[in-house]
Structure formats: structure tokens, C-alpha cells
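Q: Pasting a structure below so you can have a look.
The values are calculated or read from the model by the stated rules, or taken from the named source; none is laboratory data. Here the structure is a predicted model, which means the values were calculated and not measured. When we count neighbours, we look across all protein chains shown, and the Cβ atoms used for this are built from the backbone with ideal geometry, even at glycine.
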Amino acid sequence: MKQYLLGIDIGTSGTKTVLFDSCGNTISSATEEYELYQPKAGWAEQRPEDWWQATVKSIRTVITKSGVNSEDIKGIGLSGQMHGLVLLDKENKVLRPSIIWADQRTSKECEQITNLVGKERLIEITANPALTGFTASKIMWVKNNEPEIYEKAHKILLPKDYVRFMLTGEFATEVSDASGMQLLNVRERNWSKEVLEKLQIDKDLLAPVYESQEVTGKVTSEVAELTGLKEGTIVVGGAGDQAAGAIGNGIVKPGIVSSTIGTSGVVFAYTDKVTIDPLGRVHTFCHAVPNTWHVMGVTQGAGLSLKWFRDNFCNSEKEASKLMGVDPYELMTKEAINVLPGCEGLIYLPYLMGERTPHLDPYAKGVFFGLTPRHTKAHMLRAVMEGVSYSLKDCMEIIKELGIDVKEVRASGGGGRSPLWRQMQSDMFKSEVVTINSSEGPALGVALLAGVGAEIYSSVEEACDKVIARENLQTPIEENHNIYTKYYEAYKDLYVSLEHNFKSLYDIDNE
């Protein structure tokens, strides 16, 4: 009798549900999209109810398409966008739209948190400085600006943990996602009493913390009727999207690093000891593998930059793609590939939503620098891809600086499917860049965690060894590397030159 596992990834643009067999083969998948709301410049919100409806619909679609008997689905894993704030009242109703990871409104609250806990102590406990993207500053923002809502709060959850509650009726989180709340003692892998007390956040508002492969609840009868799942199917802790994607890429041993281009971009490295950047340029979180951690650098506007360019400047490519039955990004790449590396001096800074690595700057803005009459749309398109790759190189350089070994880079996310984008990274990193035999990333990662919880695999490492294999390989081109090395220095200098202007522009916009 075959055994199956379900991976559910509650992303920023939509929820993707994938059914796998125990060998990691994709049986069926479905994606349901939803809106992102920006009530003010720099704000980003979503409706948790939309996540749940997308989850229900995608599960139902996957089961129907697959023809698999729900009794043979042995476990469910949950992944999701990290850092989002979900507030529930005593009736477990959502109190306000979720303030998600990309939101940049909380700079004052970051200063408040730093003052209350102490800059060095905060990094010592949570492994990170106070950041606008993290959940703690969002909680403090609601406390400061919407006290009447905060007073009604009965539970504080992360996006995937809200979906967990809806599936199982249980409140729970797990170490990898909880690390990004900035309320966890990352060394001890549990809530920090000291941080909670200093921020005056009641621990009872938070869910219990589990390891990622542990069973946290079971599907209720009501949900079984809604989705077609079997009542009692186990739901494991799962992981934040980055740790989940890392499991799905086999980043479970030293020397293997992932570079992911989704809405945001992430360079992710495994470590078997707590490795903290004292400058707070990269993030250290608990990994989804027990008793291990990971270091990651984040660029806020990676795939988001290319999507923004597509939506605003590539209408002809979108129309042509419909007629040809291809992805518009494929047509865009064909234009970009004809432009020389370095774009003849055109550089793009991918700071559409502020930045996290290495600048920790919510005021940073996107920039095209070096435009001349000889530059075309194709130059701008390639410059966007190169600018994102320079930003990922920023992350990679800091990870190497911390003494973490980098032997192989595994590309993933939507951008990882682009041979051109992979080649840019190989050239800039001067490293092999490979893809693996599955492109499902976070959904596969949490399905494997569910397989460990269901005792199909004995450990996360065994699950990865059984399922994951290398496929495509890009090697660095020396000439390109030399060109990019020169332009990378100019790229780094641009932020230094513009930092003051970013803040001045923000002040003008908010007078």
C-alpha cells in the first residue's frame, strides 16, 4: 500500500498544496492566490481568512485531482511566510488584517524594543537586532497604535500556525518560524521569559513551541468534511518558508548552501552550532532539524522586483505569452540574455520594500543608476536580475565571513528555474550552482517533516537522502566573474552614497 504526504505552503502571493508519495514524487498540486493590501506606503497586510479559504480549496483540489484515498495520506506539514502577525480574540476570531513580513511601519517600535531589552542583550538572546520585518515590532505597533484591539487579543499566531489552528483546533508553533518572532531564546529553542517581561507581552498569548517534525495536532471532523482529508490525520510542526525550503533542497549538512529567489531572496546556510553576526546583518534562527541552526541573509525585493517590472513595463510580453502559451518570464529572459553582463554600466538596487541584509534599512528605495540613451528596456530587465544577484552576493559574503563553509549552492524558488539567473549567481559567487530533482521547495520540505512525524522516515536527514538528488549544474564563467566583481564594488558604494537621501525622501513623503 502506497503512503502519501501533504505539504501546504502559505505564501505571500498564494497557498500551494502538494501531494507527494513517500519517494518525494509529486502526485498532484494546486495553488490558490489572494490579495496583498497596502493601505499606506510601506505597509503590507493580508487577510488570514483568505489564507484559510485558499488552503481548503487547494487541499480539496489536490485530493480530487490525485484520486488518492485520503486514508493513505499519512501526514500533513505546514510551511508559510514568516513573521506575519495574526491576532485572535477569545472566540478565536481574527481581530485585524495580518501585518505581514514585508511591512515597514515599525521602525519606532524597533527603537523601543532595543531600548527596553538592550541592543547587545537582544542579539544575545534572539540572535538578531530588532527589525521591522519581525513579529515583535508588529505586536508593539498594535499595542502603541491600536490598544483597543490589543486588549482583546487572546492568541498571537504566525500565518501557518493560524492555518494549523483552523485544521486541528490546536494552538502550536515550531522553532524555525518562532525564531523570526524575536521573542524566542534561539539557543534554548523556547520563549524568552526575559524578552517577554521587558516588552510586557503575556506568555499565555503565545502558542507552545515544538520541534519541526513533532506532531502538533490532528485534522478535525469539520475540516475533514470541508477538504476531503481523513479525520485524525496528523499535522506536524512544519517550518517557516525558508527552513522548509532548505529541507526541500537538502540543506541539512555542512557545506551546502541554498540561494532562493521568491518574492524575497534568501541565502541560507546550515550550522550545527549557534553562529551569530554581532552586527546583525544576517539572521540566525533555529533550523527545522533538531539541535541545529541556520544563518540566512535576506533581500526584501528579489522576485518582487522582477514581478514589479513585468507588471509595469512588460505588457507586450504578457500579451505575447498568452498567444504562445508560455510564461511571460520566459520571453523576458530571452530579451535579457542578449544584453552583456554588467548592462553597459546600468545598476539596479532592489530595495523596493526597504532592505534587511546587509543594511537593515526600512527607508531604502529601489534605484536604477547609470541610465544613458543607449540603454533599452532589455538593459533594465537584465539590470533588475543582476541587482537581485548582487544583493544575494551581499548575503553570501557575510556568511563566508562568519566562517561557514560553502562548497555547493543550490538554487530554488521561482528565480531558481531561470538558467540565466542561476548563471549570474554562479558567476558572482564563483561557485557551482545546482538544482535538484524537485522544484517544490517548502511544500516538499514540510511533507518530509510530516513523513518523519508519521515514522515513514527515521530522521530528517534520512528523508532528504532518500528523496533529493542533484540535477542541473551551472559553473562560473571567469570573464563574467571579473566583470561582475568590478560592478559589485560600484553596487555596494551606491547604498553608502544614497543612505541619507533615502531617509530624507521618507521624511518628505511623511510630512
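Q: Only one residue in V452, V409 is at pLDDT 95 or above and part of a strand (DSSP E or B). Which one?
A: V409
Q: While we're looking at this one, here's another question. Quick check on the range 7-29: of everything there that is buried (at least 18 other Cβ atoms within 10 Å of the Cβ) and among the charged types (D, E, K, R), which residue is farthest from L78 (Cα to Cα)?
A: Taking the candidates together, the pick is K16.
Q: Scan S137, S176 and give me the residue that is under 23 Å from H294 (Cα atoms), free of Cβ contacts under 8 Å to residues at least 60 places away in the same chain, part of a helix (DSSP H, G or I) and in contact with a Cys (Cβ under 6 Å, 6 or more places away or on another chain).
A: The match here is S137.
Q: Scan the range 88-96 and tell me whether some residue there is at pLDDT below 95, in contact with a Phe, Trp or Tyr (Cβ under 9 Å, 6 or more places away or on another chain) and in a loop (DSSP other than H, G, I, E, B). Quick ask: steps written out before the conclusion?
A: Taking the range 88-96 and keeping what is at pLDDT below 95, we get none.
No - not one qualifying residue is present in the range 88-96.
Q: Of all residues in the range 368-390 being among the β-branched types (V, I, T) and surrounded by fewer than 19 Cβ atoms within 10 Å (Cβ to Cβ), which is nearest to D507 (Cα to Cα)?
A: Within the range 368-390, the match that is nearest to D507 (Cα to Cα) is T372.
Q: What strands (runs of 3 or more DSSP E), lying completely within the range 288-379, carry at least 2 residues that are under 30 Å from E462 (Cα atoms) and either of a type in the set (S, T, N, Q) or modelled with pLDDT of 95 or more (or both)?
A: Values: elements: 293-299, 347-349, 367-369.
Here the list reads 293-299.
Q: Next question, about the same structure. State whether the residues of the range 107-116 include one that is in contact with a Gly (Cβ under 8 Å, 6 or more places away or on another chain) and outside the structural domain of E355 (by TED's automatic domain parsing).
A: Within the range 107-116 (the criterion being in contact with a Gly (Cβ under 8 Å, 6 or more places away or on another chain) and outside the structural domain of E355 (by TED's automatic domain parsing)), the answer is no, since none of the residues qualifies.
Q: For a quick check of your reading: which helices (runs of 4 or more DSSP H) sit entirely within the range 186-263 and have at least 3 residues that are surrounded by 22 or more Cβ atoms within 10 Å (Cβ to Cβ)?
A: Result: 241-248.
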